[in-house]
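**Q** Before I ask anything, let me first share the structure, which is written out below as structure tokens.
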Amino acid sequence: MSTTVTPKQPTTAEPASAAGPAAASATFPAAAASAPAAPGAPAASRGQVDISTVRKSFGATEVLKGVSLSVPPGGVTVIVGPSGSGKSTLLRTINHLEKVDGGYITIDGRLVGYQVRGTKLHELREKDILQQRTDIGMVFQNFNLFPHLTALENVAEAPLVALRPGDPRRRTTAEVRARALELLDRVSLKDRADAYPRQLSGGQQQRVAIARALALDPKILLFDEPTSALDPELVNEVLDVIRELATSGTTLIIVTHEMGFARDVADTVVFMDQGQIVESGTPQDIFTNPREERTRSFFSKVIEPAFNI
Amino acid sequence: MSTITAPAVPAADYSDYTLVPARHPWRWVGTVVVALGVAAVAWSLATNPRWEWGVVAQWFTAQSVVSGLVETLKLTAISGVLGFVLGFILALMRLSASPLLVSVSWTFSWIFRSTPLLVQMLLWYNLGYLYEKISLGIPFTDVRFFEVQTTTLISQFAAAVLGLTLNQAAYSAEIIRGGILSVDQGQLEAAAALGIPAWRRSTRIVLPQAMRAILPNAFNEIIGLVKGTSIVYVLAYSELFYTVQVIYNRTQQVLPLLLVATLWYVVITSVLSVFQYYIERHYAKGALRTLPLTPLQKARKFFATHAVTNARSPR
Ligand SMILES: Nc1ncnc2c1ncn2[C@@H]1O[C@H](COP(=O)(O)OP(=O)(O)OP(=O)(O)O)[C@@H](O)[C@H]1O
Ligand SMILES: [Mg+2]
């Protein structure tokens with residue numbers, strides 16, 4: 001699968017890309033992003049994510065050093081890399097939980113968190129940012145379920161309050177409830193709908209969190225190490241749910257240390273190190289014959305010999 | 001053969017034995033000592049004629065005492081509610097990103113926590129001496145929308161409410177801020193990632209969780225406020241404490257009348273404590289895997305299980 005955008009529209013008022021391709025990895029030209037909000041955008045583009053030379057610093061340390069990445073709609077992209085390489089930070093810029101210092105991100109051609117005014121990108125008002133986020137579900141390492149709400153209430157909360165009047169996804173309370181139950185059923189937890197998160201196992205909590213992220217019918221789902229906080233025997237029940245989602249047409253971007261799972265489910269594997277994308281490609285490319293020395297040495301440490309045939 | 005050599009520990013069968021709980025003799029000794037102490041205090045209260053229980057009973061429900069009690073409850077309710085509302089606003093200001101709001105909130109708490117309530121109260125009451133008139137208009141011009149004499153605006157009641165409210169707000173702001181800070185940052189992040197609007201994030205996600213930390217301190221404050229209202233006697237405002245003072249100055253039955261006031265404060269505090277128990281229990285939902293039983297449920301269970309064991313093993 002190609003990692004650059006194939007159907008390139010005629011660039012109208014393209015925001016000047018902040019940095020040249022120098023910082024970006026060779027595989028990802030900075031021009032990867034498509035034009036912002038072309039009105040006649042092809043109907044098929046649901047959940048196309050383009051990250052263009054994104055930079056981010058915390059204080060003096062630069063955590064993202066000009067990262068560019070294109071994720072095709074419906075694809076499954078797995079990001080791997082050593083601790084501290086900036087994987088979570090990159091993921092969090094996609095729904096503007098983290099503001100970028102340079103570069104930009106578009107989803108289906110629409111800028112995330114900003115709008116073009118003249119030659120400047122102005123940050124959107126909070127209301128509009130929240131609205132954009134309803135298209136992007138996120139699943140956290142430590143679940144972050146609301147502990148004082150039942151599983152059902154956790155799933156139903158956002159559909160009840162996050163959608164503007166006129167949004168086609170708005171439903172009545174009864175419909176939201178029915179749909180929430182349906183989602184809980186999809187993660188095999190219908191019978192625990194009235195349980196509070198602390199009454200559930202870690203694996204069950206994470207499955208509720210996935211149902212919650214699905215409740216707004218997002219185009220894109222972001223997973224930040226969804227199984228890292230789980231006991232080994234609970235990992236698979238969560239991975240199975242994600243596997244099932246991988247075939248659903250939603251764009252998935254997954255940060256994980258589960259290499260076997262990555263090899264199974266990913267269309268594209270992206271290897272990050274020190275705030276840069278070192279290389280990316282099919283699981284076959286990255287796991288069995290990586291081009292870069294850094295990639296090779298990372299995998300030789302994390303993958304058990306039995307797996308690395 | 002080996003069957004002989006093994007000093008065979010018999011696989012004993014204890015299924016017919018009765019279970020005997022461990023005994024705690026010192027617990028019994030402690031209980032007896034405390035019970036004796038309580039009995040002695042009760043005996044002296046009941047038999048010492050100087051407590052004048054008859055006088056206490058006579059005044060406990062007297063018209064003037066009850067109307068003083070109503071004033072006390074009114075002051076507590078009004079300044080409690082207003083104090084916590086203002087405290088909530090101050091807490092949000094203190095947690096905001098604006099340095100101006102933060103410092104205004106900080107200064108407010110600093111001033112009102114460092115001046116004695118008595119002084120605040122007298123200051124408000126004597127505001128008319130400092131500012132003869134209070135007016136609403138456009139600053140630095142002569143335009144006035146309305147203007148009143150300060151003394152007509154600040155009655156005893158207004159001074160009392162103003163003093164208690166502002167003082168209460170300063171303390172409750174800190175309590176509420178502490179509660180909000182105790183909520184995990186990940187909760188806000190998850191809510192923001194779901195696109196939940198800011199106001200809803202505060203009221204539906206953060207506050208209910210903050211309540212766990214806020215409630216015990218808040219009830220401390222409210223119970224303190226019930227008795228704290230007695231300080232408005234300096235304004236000659238006829239709440240419970242001022243009322244009994246007036247009575248004992250006339251009848252000279254000082255101790256019994258102080259006892260009347262005390263008993264009423266005990267009653268209010270007890271009622272509040274029961275409320276506290278159930279409100280805390282409400283907000284414990286989801287925080288505990290299983291809620292502990294209420295005293296009522298415990299009692300029911302106690303009688304139910306004991307009835308069963310007694311029936312099963314009659315001695
Ligand atoms: N809010 C923050 N303030 C300061 N530094 C931060 C902040 N968030 C992340 N960092 C730093 O940025 C770097 C990248 O962090 P990030 O969480 O993106 O790494 P990661 O690749 O997800 O690592 P891990 O696999 O351990 O989760 C780290 O050095 C981290 O200490
Ligand atoms: Mg991380």
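The values are calculated or read from the model by the stated rules, or taken from the named source; none is laboratory data. Since this is a predicted model, take the numbers as computed values, not measurements. Cβ sites come from the backbone with ideal geometry, for glycine too, and all protein chains shown count toward neighbours. All accessible areas refer to the heavy atoms of the entire protein, side chains included, with ligands and DNA or RNA removed. Shrake-Rupley method; radii C 1.70, N 1.55, O 1.52, S 1.80 Å.
**Q** Taking into account only those residues within segment A:155-176 that are touching a residue at least 40 places away in the same chain (Cβ under 8 Å) and not in a loop (DSSP other than H, G, I, E, B), which is surrounded by the fewest Cβ atoms within 10 Å (Cβ to Cβ)?
**A** A:Glu157
**Q** Residue check: is A:Phe146 of a type outside the set (S, T, N, Q), at the interface with chain B (Cβ under 10 Å from one of its Cβ atoms), within 16 Å of ligand 2 (Cβ to nearest atom) and open to solvent by less than 60 Å² (accessible area, probe 1.4 Å)? Give the steps one after another, and end with the answer.
**A** Working: of a type outside the set (S, T, N, Q): yes; at the interface with chain B (Cβ under 10 Å from one of its Cβ atoms): yes; within 16 Å of ligand 2 (Cβ to nearest atom): no; open to solvent by less than 60 Å² (accessible area, probe 1.4 Å): yes.
No.
**Q** Check segment A:66-75 and report whether any residue there is within 15 Å of ligand 2 (Cβ to nearest atom) and open to solvent by 20 Å² or more (accessible area, probe 1.4 Å).
**A** Narrowing segment A:66-75 to residues within 15 Å of ligand 2 (Cβ to nearest atom): A:67.
Okay, now just the ones that are also open to solvent by 20 Å² or more (accessible area, probe 1.4 Å), so none.
No, every residue in segment A:66-75 fails to be within 15 Å of ligand 2 (Cβ to nearest atom) and open to solvent by 20 Å² or more (accessible area, probe 1.4 Å).
**Q** Right, B:Ile247: touching a residue at least 24 places away in the same chain (Cβ under 8 Å) and within 14 Å of another protein chain (Cβ to nearest Cβ) or not?
**A** Working: touching a residue at least 24 places away in the same chain (Cβ under 8 Å): yes; within 14 Å of another protein chain (Cβ to nearest Cβ): no.
In short, no.
**Q** So, one more: Can you work out which of the residues in segment A:246-260 that are away from ligand 1 (no atom under 15 Å from the Cβ) and open to solvent by less than 10 Å² (accessible area, probe 1.4 Å) is farthest from A:Gly81 (Cα to Cα)?
**A** If we filter segment A:246-260 for residues that are away from ligand 1 (no atom under 15 Å from the Cβ), which is where we start, we get A:246-252, A:260.
From the residues that got through so far, the ones that are open to solvent by less than 10 Å² (accessible area, probe 1.4 Å) too are A:251-252.
Values: A:Thr251: 20, A:Leu252: 17 Å.
My answer is A:Thr251.
**Q** Tell me, please, whether a residue that is in a helix (DSSP H, G or I) and surrounded by 21 or more Cβ atoms within 10 Å (Cβ to Cβ) can be found in segment B:181-191.
**A** Going residue by residue through segment B:181-191, those that are in a helix (DSSP H, G or I) are B:181, B:185-191.
If we keep only those that are surrounded by 21 or more Cβ atoms within 10 Å (Cβ to Cβ) as well, we get B:190-191.
Looking through segment B:181-191, at least one residue is in a helix (DSSP H, G or I) and surrounded by 21 or more Cβ atoms within 10 Å (Cβ to Cβ).
**Q** Could you count how many residues in segment A:164-178 are of a type in the set (Asp, Glu) and under 26 Å from the mean Cα position of the chain (by Cα)? So that I can check it myself, show each step before the final result.
**A** As a first pass, look at segment A:164-178 and keep what is of a type in the set (Asp, Glu): A:167, A:175.
From the residues that got through so far, the ones that are under 26 Å from the mean Cα position of the chain (by Cα) too are A:167.
Number satisfying all stated conditions: 1.
**Q** Write out, first by first residue and then by second, each pair whose Cβ atoms fall under 7 Å of each other, whose residues are 6+ apart or on separate chains, and whose first residue, in segment A:79-91, is over 21 Å from A:Tyr104 (Cβ atoms) while the second is near ligand 1 (Cβ under 6 Å from one of its atoms) and open to solvent by less than 20 Å² (accessible area, probe 1.4 Å).
**A** These pairs meet every condition: A:Gly81/A:Lys87.
**Q** Among the candidates A:Gln199, A:Gln141, A:Gln204, which residue alone is touching a Ser or Thr at 6+ places or on another chain (Cβ under 6 Å), open to solvent by 10 Å² or more (accessible area, probe 1.4 Å) and not basic (Lys, Arg)? Working first, answer last.
**A** Working: A:Gln199 fails: touching a Ser or Thr at 6+ places or on another chain (Cβ under 6 Å); A:Gln204 fails: touching a Ser or Thr at 6+ places or on another chain (Cβ under 6 Å).
Being touching a Ser or Thr at 6+ places or on another chain (Cβ under 6 Å), open to solvent by 10 Å² or more (accessible area, probe 1.4 Å) and not basic (Lys, Arg) holds for just one of A:Gln199, A:Gln141, A:Gln204, which is A:Gln141.
**Q** Okay, moving on. Mind checking which residues of segment A:203-234 are within 16 Å of ligand 1 (Cβ to nearest atom) and free of Cβ contacts under 8 Å to residues at least 60 places away in the same chain?
**A** A:Thr227, A:Leu230
**Q** Please give the number of the condition A:Leu152 fails out of (1) outside any loop (DSSP other than H, G, I, E, B); (2) surrounded by fewer than 18 Cβ atoms within 10 Å (Cβ to Cβ).
**A** (2)
**Q** While we're looking at this one, here's another question. Does A:Ala162 count as more than 23 Å from A:Asn95 (Cβ to Cβ) and at the interface with chain B (Cβ under 10 Å from one of its Cβ atoms)?
**A** The answer is no for A:Ala162.
**Q** Right, here's the next one. Name the residues in segment A:76-103 that are away from ligand 2 (no atom under 13 Å from the Cβ) and touching a helix residue (DSSP H, G or I) at 6+ places or on another chain (Cβ under 9 Å), would you?
**A** Within segment A:76-103, A:Val76, A:Val78, A:Asn95, A:His96, A:Lys99, A:Val100, A:Gly103 qualify.
**Q** Next question. Scan (1) exposed (fewer than 10 other Cβ atoms within 10 Å of the Cβ); (2) closer than 21 Å to B:Val266 by Cα for the single condition B:Ile78 breaks and write down its number.
**A** Condition not satisfied by B:Ile78: (1).
**Q** Quick check on segment A:82-141: of everything there that is aliphatic (A, V, I, L, M) and part of a loop (DSSP other than H, G, I, E, B), which residue is farthest from ligand 1 (Cβ to nearest atom)? Explain how you work it out, then say what you get.
**A** First, the residues of segment A:82-141 that are aliphatic (A, V, I, L, M): A:90-91, A:94, A:97, A:100, A:105, A:107, A:111-112, A:116, A:121, A:124, A:129-130, A:136, A:138-139.
Still in the running and part of a loop (DSSP other than H, G, I, E, B): A:97, A:100, A:112, A:124.
On the way: A:Leu97: 10, A:Val100: 13, A:Val112: 18, A:Leu124: 21 Å.
The extreme case among them is A:Leu124.
**Q** Right, here's the next one. Hey, among the residues in segment B:192-210 that are open to solvent by 30 Å² or more (accessible area, probe 1.4 Å) and at the interface with another protein chain (Cβ under 9 Å from one of its Cβ atoms), which one's farthest from B:Gly224 (Cα to Cα)?
**A** Selected residue: B:Pro197.
**Q** OK, next. Kindly check whether there is at least one residue in segment B:168-180 that is within 14 Å of chain A (Cβ to nearest Cβ), in contact with a helix residue (DSSP H, G or I) (Cβ under 6 Å, 6 or more places away or on another chain), surrounded by 13 or more Cβ atoms within 10 Å (Cβ to Cβ) and of a type outside the set (S, T, N, Q).
**A** First pass over segment B:168-180, keeping only residues within 14 Å of chain A (Cβ to nearest Cβ): B:179.
Filter again for in contact with a helix residue (DSSP H, G or I) (Cβ under 6 Å, 6 or more places away or on another chain), leaving B:179.
When the remaining residues are screened for being surrounded by 13 or more Cβ atoms within 10 Å (Cβ to Cβ), the result is B:179.
When the remaining residues are screened for being of a type outside the set (S, T, N, Q), the result is B:179.
Yes, that holds for at least one residue.
**Q** Is one or more of the residues making up segment A:94-114 out of contact with any Ser or Thr (no Cβ under 8 Å at 6 or more places or on another chain), over 18 Å from A:Asp135 (Cβ atoms) and open to solvent by 20 Å² or more (accessible area, probe 1.4 Å)?
**A** Initially, segment A:94-114 is screened for residues out of contact with any Ser or Thr (no Cβ under 8 Å at 6 or more places or on another chain), giving A:94-97, A:107, A:110-111, A:113-114.
Those left that are additionally over 18 Å from A:Asp135 (Cβ atoms): none.
No, there is no match, as no residue in segment A:94-114 is out of contact with any Ser or Thr (no Cβ under 8 Å at 6 or more places or on another chain), over 18 Å from A:Asp135 (Cβ atoms) and open to solvent by 20 Å² or more (accessible area, probe 1.4 Å).
**Q** So, in segment A:45-61, exactly how many residues are surrounded by fewer than 17 Cβ atoms within 10 Å (Cβ to Cβ), assigned to a strand (DSSP E or B) and more than 16 Å from ligand 2 (Cβ to nearest atom)? Working first, answer last.
**A** Initial filter on segment A:45-61 (surrounded by fewer than 17 Cβ atoms within 10 Å (Cβ to Cβ)): A:57-61.
After this cut, where a residue has to be assigned to a strand (DSSP E or B) as well, the list is A:57-58, A:61.
Next, from what is left, pick out any that are more than 16 Å from ligand 2 (Cβ to nearest atom): A:57.
Total satisfying the criteria: 1.
**Q** Give B:Val246, B:Val232, B:Val226 a once-over and let me know the one that is closer than 30 Å to B:Leu75 by Cβ and surrounded by fewer than 18 Cβ atoms within 10 Å (Cβ to Cβ).
**A** None of the other options fit; the residue is B:Val246.
**Q** So, one more: How about segment A:226-245: which of its residues are surrounded by 20 or more Cβ atoms within 10 Å (Cβ to Cβ) and either among the small types (Gly, Ala, Ser) or within 16 Å of ligand 2 (Cβ to nearest atom) (or both)?
**A** Matches in segment A:226-245: A:Pro226, A:Thr227, A:Leu230.
Residue by residue, here is whether (1) more than 21 Å from B:Gly178 (Cβ to Cβ); (2) β-branched (Val, Ile, Thr); (3) open to solvent by 70 Å² or more (accessible area, probe 1.4 Å) holds:
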| position | (1), (2), (3) |
| --- | --- |
| B:Trp53 | yes, no, yes |
| B:Leu69 | yes, no, no |
| B:Leu82 | no, no, yes |
| B:Ala91 | no, no, no |
| B:Phe108 | no, no, no |
| B:Pro116 | yes, no, yes |
| B:Ile138 | yes, yes, yes |
| B:Thr141 | yes, yes, no |
| B:Ile154 | yes, yes, no |
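**Q** So which helices (runs of 4 or more DSSP H) stay within segment B:1-102 end to end and still have 3 or more residues that are within 23 Å of B:Ala169 (Cα to Cα)?
**A** Details: elements: B:2-5, B:25-47, B:53-60, B:63-95.
It comes to B:63-95.
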